[in-house]
Amino acid sequence: MFDRLKLLLEKAGNIAGEKDPDKLIPMLADLAKSILEADRCSLFLFDQDRNVLYTLVAHGGVRIEVSPDKGIVGAAFRNKEPLLIPDAYSDPRFNPEVDKQTGYKTRNIIALPLIDSRENVIGVFQVINKHGGDFTDEDMQILQLISVYASNSLESSRLYAKLKSAYRETVLRLSHASEYKDQDTYNHIVRIGLMANLIARKLGFDQEFCENIQLAAPMHDIGKIGIPDAILLKKGKLDPEEWEVMKTHTILGYDILKDSENELLQMAARIALEHHERWDGTGYPYGKSGEDISVEARITTISDVFDALTSKRPYKDPWPVSEAVKYMKDLSGKQFDPNIIETFFQNLDEILKIKEEYKD
């Protein structure tokens with residue numbers, strides 16, 4: 001028992017840092033399978049809208065859906081009670097249909113309900129076929145410990161997902177506040193974020209960076225909130241004094257975002273400040289060049305320019321993709337980072353899928 005508890009604690013540290021349910025659930029299933037020396041483990045979650053229990057992971061099988069009113073899993077779910085079944089086929093609640101379809105032979109089962117902090121059953125842990133014998137009371141105790149951890153982890157991951165979704169929506173709506181004044185569309189900022197994420201992935205950045213740039217890139221023009229409408233919405237060319245005011249939107253955006261301790265907003269601040277800098281140093285506000293410009297700003301600039309060129313606006317028709325590609329390639333090493341723009345156009349098919357899926 002001591003060795004198994006020690007292994008559980010060692011594995012729990014790794015699991016604690018995982019927030020993605022699609023990754024967390026297989027980790028928990030693998031942990032239970034290993035510690036209990038079982039053949040298979042399934043973690044069922046309850047879908048209230050459809051009234052089914054479904055697996056995101058099932059060792060040795062595909063996704064399974066079962067009714068909460070039937071079977072061993074359903075009984076554990078309905079009664080909120082752990083079940084230790086030494087002989088599956090002698091239990092009238094056991095449904096042998098899956099075995100018949102797959103040719104698998106279920107011998108013994110442990111099924112434990114997953115209960116959240118409000119005493120709601122959110123799923124069931126099921127472990128099948130102990131290697132070399134029968135499940136014991138000690139196995140049940142170990143699985144109860146894992147199940148408590150699983151319930152807490154799943155509840156936290158669901159809350160994290162909801163908070164992340166709400167945060168994403170807030171950021172996009174905040175980003176749109178500046179674009180709304182500037183006659184750009186909500187889908188424009190969504191596309192920029194998705195394009196930036198795609199290119200960051202192709203360049204080899206990790207998941208956190210890619211997720212952050214998807215939300216940070218749409219905030220590049222947030223400083224336009226502080227530009228007078230007489231300048232921002234002026235029809236025709238700006239005079240030199242007006243142009244100098246317009247250029248300050250980069251610094252205004254940076255000032256809005258810079259003091260946050262949040263990594264995403266820190267990235268957004270750098271993008272807001274630097275998205276009009278140029279690779280050759282002729283941009284603004286500070287004339288930065290090359291890799292002195294943050295990579296997130298260099299990625300965002302290319303995504304923004306391509307989407308703007310190929311999108312219809314009240315003041316212009318969309319450029320043909322071929323013309324936009326030629327124009328931007330001619331500016332490689334001048335306005336744009338040569339490596340990033342090459343990567344961008346190497347993945348043009350995926351870029352165009354984003355434009356089609358989120359077209360105006």
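The values are calculated or read from the model by the stated rules, or taken from the named source; none is laboratory data. Everything numeric in this text was worked out from a predicted model, so none of it was measured. Glycine also receives a Cβ, built like all others from the backbone with ideal geometry; neighbour counts cover every protein chain displayed.
Observations
- Considering 96, 68, 86, 82, the condition of being surrounded by fewer than 18 Cβ atoms within 10 Å (Cβ to Cβ) and under 19 Å from residue 150 (Cβ atoms) is satisfied by 82 alone.
Rundown of residues vs (1) in the same structural domain as residue 135 (by TED's automatic domain parsing); (2) more than 23 Å from residue 158 (Cβ to Cβ); (3) not aliphatic (A, V, I, L, M), yes/no style:
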position	(1), (2), (3)
35	yes, yes, no
38	yes, yes, no
44	yes, no, yes
52	yes, no, no
55	yes, no, yes
66	yes, no, no
90	yes, yes, yes
115	yes, no, no
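- Criterion applied to 129, 79 was being at positive phi and modelled with pLDDT of 90 or more, and the one residue passing it is 129.
- Count - residues of the stretch 307-360 that are surrounded by fewer than 15 Cβ atoms within 10 Å (Cβ to Cβ), acidic (Asp, Glu) and assigned to a loop (DSSP other than H, G, I, E, B): 2
- For the stretch 111-138, the tally of residues that are in contact with a Leu (Cβ under 8 Å, 6 or more places away or on another chain), β-branched (Val, Ile, Thr) and surrounded by 19 or more Cβ atoms within 10 Å (Cβ to Cβ) stands at 3.
- Tabulated pairs, the stretch 128-150, first without any contact (Cβ under 8 Å) to a residue 60 or more places away in the chain, second assigned to a loop (DSSP other than H, G, I, E, B) and not aliphatic (A, V, I, L, M), C-beta under 6 angstrom, 6+ apart or interchain: 134/86; 134/108
- Residue, surrounded by the most Cβ atoms within 10 Å (Cβ to Cβ), within the stretch 1-58, restricted to residues that are modelled with pLDDT under 85, β-branched (Val, Ile, Thr) and in a strand (DSSP E or B): 55
- Hey, residue 336 touching a residue at least 40 places away in the same chain (Cβ under 8 Å), among the aromatic types (Phe, Trp, Tyr) and either farther than 20 Å from residue 215 by Cβ or not assigned by TED's automatic domain parsing to the domain that holds residue 196 (or both) or not: yes
- Residue match in the stretch 97-115 (condition: in contact with a strand residue (DSSP E or B) (Cβ under 7 Å, 6 or more places away or on another chain), more than 22 Å from residue 65 (Cβ to Cβ) and in a loop (DSSP other than H, G, I, E, B)): yes
- Flag for residue 306 being among the hydrophobic types (A, V, I, L, M, F, W, C), farther than 13 Å from residue 217 by Cβ, in the same structural domain as residue 186 (by TED's automatic domain parsing) and at pLDDT 95 or above: no
- Selection of the stretch 242-273 for residues being more than 15 Å from residue 221 (Cβ to Cβ), of a type outside the set (S, T, N, Q) and surrounded by fewer than 17 Cβ atoms within 10 Å (Cβ to Cβ) yields 242, 243, 244, 258, 259, 261, 263.
- Scanning the stretch 345-360 for residues being over 16 Å from residue 311 (Cβ atoms) and more than 21 Å from the chain's Cα centre (by Cα) gives a total of 3.
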